[in-house]
Amino acid sequence: MYPKYSVLFLAMMLAAVLCHASEPPHEPASHAAHAPPAEHDARGQAPAHAVRWQADEPLSRGMQRVRTATQALAHGAHGHLERAQIQAIAGQLEAAVQDMFTQCRLEPEPDAALHPLLARVLQASARLADGRFDPQAFAELEDVLARYPQLFEDATWSPPSDTSAASRSMPLRVSHSRSNSVSS
C-alpha cells in the first residue's frame, strides 16, 4: 500500500472513531445502525424517493468549503492553475473534510450516508496533492457536489450551477512574474 493512502485510511478510521466516541455503549445487535442503509450503495447513492436528512451547521459549512475549492479547481481544466495552487486546493479539500469529521454530530443513518461522499473528497484531494490537475478528481468532486443536496436538506445550499461558469468569477491569487499594467 502506498504511504499516502495508508495515512488517508488511518485518518478516516480515526475520524470515524472520534466521531462516535461520545456515543453511549451499545449492544452488538444495535451496531447495525452504524452500517450504511440497505438502500444506499458504496458511493452514497440513494433512490430518488428517499427522504433527505437535515444538514447541521458544521456539515453545511464544510460542504460550502468543498464547493468553493472545487470551483477554484475548475480553472485547472484550462491550465490556469500553477502547481502550488492545485496543492493548496487539495489541502483545502482535506481540511474541510477533517473539520467535518471532528465536528460530526449527525445521527448514525445520515452519518453513514455522508461518509462515502467525504471519502470521495479525500480521494480526490489525494490525487491532486502532487500539484497536477486531474480531470477525474475534478469530475469526482463535481459528482459529490451534485449528490450532496440529493441526500441532505441544507437551507444554505444554492441550486446547482455550472461549476466552470461560477469559477470564472472567483478571484484567485495568482502570482505573475511581470506586471499587467500598461505604462505610458
statement: Within the range 79-135, restricting to residues that are closer than 21 Å to Pro149 by Cβ and basic (Lys, Arg), the one that is surrounded by the most Cβ atoms within 10 Å (Cβ to Cβ) is Arg120
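So which residues in the range 53-72 are in contact with a strand residue (DSSP E or B) (Cβ under 9 Å, 6 or more places away or on another chain), in a helix (DSSP H, G or I) and surrounded by fewer than 23 Cβ atoms within 10 Å (Cβ to Cβ), if there are any at all? Please lay out each step first, then the result.
Within the range 53-72, the first condition is being in contact with a strand residue (DSSP E or B) (Cβ under 9 Å, 6 or more places away or on another chain), and the residues that meet it are 53-55, 59-60, 63.
Still in the list and also in a helix (DSSP H, G or I): 59-60, 63.
Of everything in the range 53-72, just one residue is in contact with a strand residue (DSSP E or B) (Cβ under 9 Å, 6 or more places away or on another chain), in a helix (DSSP H, G or I) and surrounded by fewer than 23 Cβ atoms within 10 Å (Cβ to Cβ), namely Ser60.
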query: Can you name the residue in the range 143-159 that is outside any helix (DSSP H, G or I) and either at pLDDT 90 or above or surrounded by 11 or more Cβ atoms within 10 Å (Cβ to Cβ) (or both) and is also farthest from the chain's Cα centre (by Cα) among such residues?
result: Ala155
query: Within the range 119-142, restricting attention to residues that are touching a residue at least 60 places away in the same chain (Cβ under 8 Å) and more than 12 Å from Gly76 (Cβ to Cβ), which residue is farthest from the chain's Cα centre (by Cα)?
result: Ala129
message: So Ala50 ticks every box in (1) surrounded by 13 or more Cβ atoms within 10 Å (Cβ to Cβ); (2) at pLDDT below 95; (3) under 18 Å from the mean Cα position of the chain (by Cα) but one. Which box is left unticked?
response: (3)
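The values are calculated or read from the model by the stated rules, or taken from the named source; none is laboratory data. A quick note: this is a predicted structure, and the numbers were derived from the prediction, not measured. Note that each Cβ is placed from the backbone with ideal geometry, even for glycine, and that neighbours are counted across all protein chains shown.
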